[in-house]
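Accompanying notes for the structure given below.
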Amino acid sequence: MDLLLRSHALLLVCVSTCILAIVGAVYRLFYSPIARYPGPRLAALTFAYEFYYDVVCKGRYSWKIQELHRIYGPVVRINPEELHIADPASYDSVYVGPGRSTEKWEYSARMFGTTTAAVGTTGHELHRIRRGALNGFFSKRTVANLTPTIQELVDHGCELLRRRGGANCVLNLRDFFAAFSADVIGLVAFGSNYGLLDREDFEPAWQKLMMDLSSGTHIMKQFPWTYPLLKIIPPSIVSLFHPPGTHLFNIRNDIKLKIEETRSSLNSSSTDNGKNVRELASQPTALHTLLTSALPAAELLTPRLEDEAFTLLGAGTLTTAHTLTTLFYHILANTAISHQLQTELSSLHNNLPPGTTSLPLADLEHAPYLQAVVAEGLRLSFGVSHRLARISPDTVLRYEAVYNGRTYDYTIPPGVPVSMTPMFMHLDPTVFPSPHVFDPSRWLAPSTSSEDDMAALKRRRAYLVPFSKGTRACAGMWLAYAELYVMLGALFSPGGVGRRMELFETGSADVECVHDFFNPSPRLKSKGVRVVLRKGVHA
Ligand code: HEM
């Protein structure tokens, strides 16, 4: 009798599951608000389609999406709930400013595991509050005040390159830049340097760890329980089956300590007199800024701040490092570009007041050729390689355009996640002719430029979106620019160690993105961008 009851219960569960699956499939295929959008039926039916390309094939769905656009047109349904747009002209209507509510889709917001940080916040209003607390620290003006700190780290890094490269050693710029960008965040955001630059070979394990975590974002999207699960399993067990998880929690614990230290130093400075207060006022870190912000008390609890601070480290490391690595590869691979850059920096140097050794950030930012080199580096490093989904909760999105000779007219209902992929905008040959060629001159406007040339340049500028746009765009953009300009300025100025660099067993395949792990990744076997220093060159 008991057995009979049990087999009936099992049968009921099986039948109910089948009915639910059938009803779900029918809904997704025929009744979903995006049921009439073109795309593969399998992608409309299940997230497993995306899983196959991004998890099994290691970050390849972005390229599959590009192929789908060739078949289905500019707007494609890429999973049961999301539409992807290929037409760069739509960018400004998807990634909008504060005038229109923009939400993140929970499915993509959870891919970093930091769901209480601004980057993982889905709702428009809560994001506005959280982001508001960060903005002051990352404003252009605050970053200008941080420049001496960045310059110090750059100079230290250059000295290490000179010393280590002098012994005929091969230098790995990928690891160098990952160590540098993390040391910058540690120092300016948390108040103490991680000291990665000083470690042997610039601590290659750091770059690897960050890339491993980045590639885990596809799993986090599909299986949101993985992160909370890792948190409750003892670290000794996690280390057995998922070593990056252990390092992740060590980093987070360290950040937690820094938050508590800052909190108590602020508490004591509000009661003590003098030194602490002055110190904090002269060089407040991102943690000080958050802790002294007008955020409500619940937003200032340590676990939330830990999410926010960890995001700064995660968001500011590989992005900046990959851009610098890409830039250096192309500059070093192209003698004419390298010479033109050096000539511009040499002439800026000639105008420096006596006794000054480093070029001020403002001078670097206004140097036309350097500006063009940086723009081209950002174009070919893409920012992030993954599509960024946004939801317009209360406004219909219209897509009316002639695309590849055909007319399309779509009305996307509010609440539908819509994404675009900057990587493919940056490689669109109609906007950027010969898109894979590193050509800074495409950003220059010679005096002989015609009206058409200027219109094309304007279009290129509008479609360069490495930091995304709108309310959810990169918070650390000015910091990133400062790092790029100061590093390039120091390495390629007269006497700069960059002038002595020569690529070592490195080719374009070491920077070209072929895996989308949210951050762009070259072929998995790449050893990075490696250089040796030429002897007897005193540029
Ligand atoms: C070249 C370097 C960088 C590039 C290309 C870049 C690009 C981006 C992009 C495309 C986003 C949007 C991500 C999304 O929608 O999910 C983003 C977000 C963000 N970035 Fe950056 N980033 C860079 C450097 C930095 C640095 C140095 C920091 C600061 C430490 C930083 C902090 C952030 C934060 C906090 C967000 C989340 C913003 C929000 O959701 O409100 N980034 N970044």
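Worth a mention:
- Hey, Ala294 out of contact with any strand residue (DSSP E or B) (no Cβ under 8 Å at 6 or more places or on another chain), within 12 Å of the ligand (Cβ to nearest atom) and open to solvent by 30 Å² or more (accessible area, probe 1.4 Å) or not: no
- Ala25, sole failed condition from (1) surrounded by fewer than 20 Cβ atoms within 10 Å (Cβ to Cβ); (2) touching a residue at least 60 places away in the same chain (Cβ under 8 Å): (2)
- Filtered by the rule that a residue be over 12 Å from His156 (Cβ atoms), within 16 Å of the ligand (Cβ to nearest atom) and not small (Gly, Ala, Ser), segment 184-208 gives Ile185, Val188, Phe190, Tyr194, Trp206, Gln207.
- So Leu364, is it surrounded by 12 or more Cβ atoms within 10 Å (Cβ to Cβ) and under 30 Å from Glu152 (Cα atoms): yes
- Residue under evaluation Leu301, criteria (1) open to solvent by less than 10 Å² (accessible area, probe 1.4 Å); (2) more than 30 Å from Gly528 (Cα to Cα); (3) not β-branched (Val, Ile, Thr), criterion not met: (1)
- Residues that are hydrophobic (A, V, I, L, M, F, W, C) and more than 13 Å from the ligand (Cβ to nearest atom) were ranked within segment 374-417; the one that is farthest from the chain's Cα centre (by Cα) is Val402.
- The lone criterion from (1) part of a helix (DSSP H, G or I); (2) within 16 Å of the ligand (Cβ to nearest atom); (3) buried (at least 22 other Cβ atoms within 10 Å of the Cβ) left unmet by Pro520 is number (1).
- Of the helices (runs of 4 or more DSSP H) entirely within segment 42-145, those holding at least 1 residues that are in contact with a helix residue (DSSP H, G or I) (Cβ under 8 Å, 6 or more places away or on another chain) and within 16 Å of the ligand (Cβ to nearest atom) occupy 61-72, 91-94, 106-109, 124-135.
- Gly165 being farther than 24 Å from Leu287 by Cα, part of a helix (DSSP H, G or I), touching a strand residue (DSSP E or B) at 6+ places or on another chain (Cβ under 6 Å) and open to solvent by less than 50 Å² (accessible area, probe 1.4 Å): yes
- Residue that is within 16 Å of the ligand (Cβ to nearest atom), buried (at least 16 other Cβ atoms within 10 Å of the Cβ) and acidic (Asp, Glu), where the choices are Glu308, Glu344: Glu308
- Within segment 444-481, the set of residues being in a loop (DSSP other than H, G, I, E, B), of a type in the set (Ser, Thr, Tyr) and buried (at least 17 other Cβ atoms within 10 Å of the Cβ) comprises Tyr463, Ser468, Thr471.
- In segment 418-437, residue nearest to Gln66 (Cα to Cα) [restricted to those that are open to solvent by less than 60 Å² (accessible area, probe 1.4 Å) and away from the ligand (no atom under 16 Å from the Cβ)]: Asp428
The values are calculated or read from the model by the stated rules, or taken from the named source; none is laboratory data. It should be emphasised that the depicted structure is a prediction, and the values quoted were computed from it without experimental measurement. Positions of Cβ are backbone-derived with ideal geometry, glycine not excepted, and every protein chain shown enters the neighbour counts. Accessible surface areas use protein heavy atoms only, side chains included; no ligands, DNA or RNA. Shrake-Rupley method; radii C 1.70, N 1.55, O 1.52, S 1.80 Å.
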